[in-house]
Amino acid sequence: MRSYLIKDTTLQERLEIVRAWEEAEGCENSGMDLTEFYSDYISGRKEISEINAAFRTAYVVDTPEDDGKGCGMGTHR
């Protein structure tokens, strides 16, 4: 398996990696610019895992008590 670590890739390779993800995942039409989202990776400042972890951490929110509505996904029983 190919390494995506900054130390194992050039700037051009990192840019190509992210562009390939956009094409493979269909993100080019989603409104999300992966080259912007992963710009710190492309420029060699942060690893992919650091960017992903920061996104997941920022995405977690406190939720109010269950009001009985919703699809049941993630509810406490």
Practice task
May I ask for the net charge around Gly44, where only other residues with Cβ less than 13 Å from the Cβ of Gly44 are counted and Lys, Arg are +1 while Asp, Glu are -1?
Solution key: -1
Exercise for the section: For Asp33 paired with Ser3, estimate the spin-label separation in nm (one decimal), with each label point 7 Å from Cα along the Cα-to-Cβ line. Expected result: 3.1 nm
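We did not get these values from a lab; they are worked out from the coordinates using the rules stated. Quick caveat: nothing in here was measured; it's all calculated off a predicted structure. All Cβ positions, glycine included, derive from the backbone under ideal geometry; neighbour counts span all protein chains shown.
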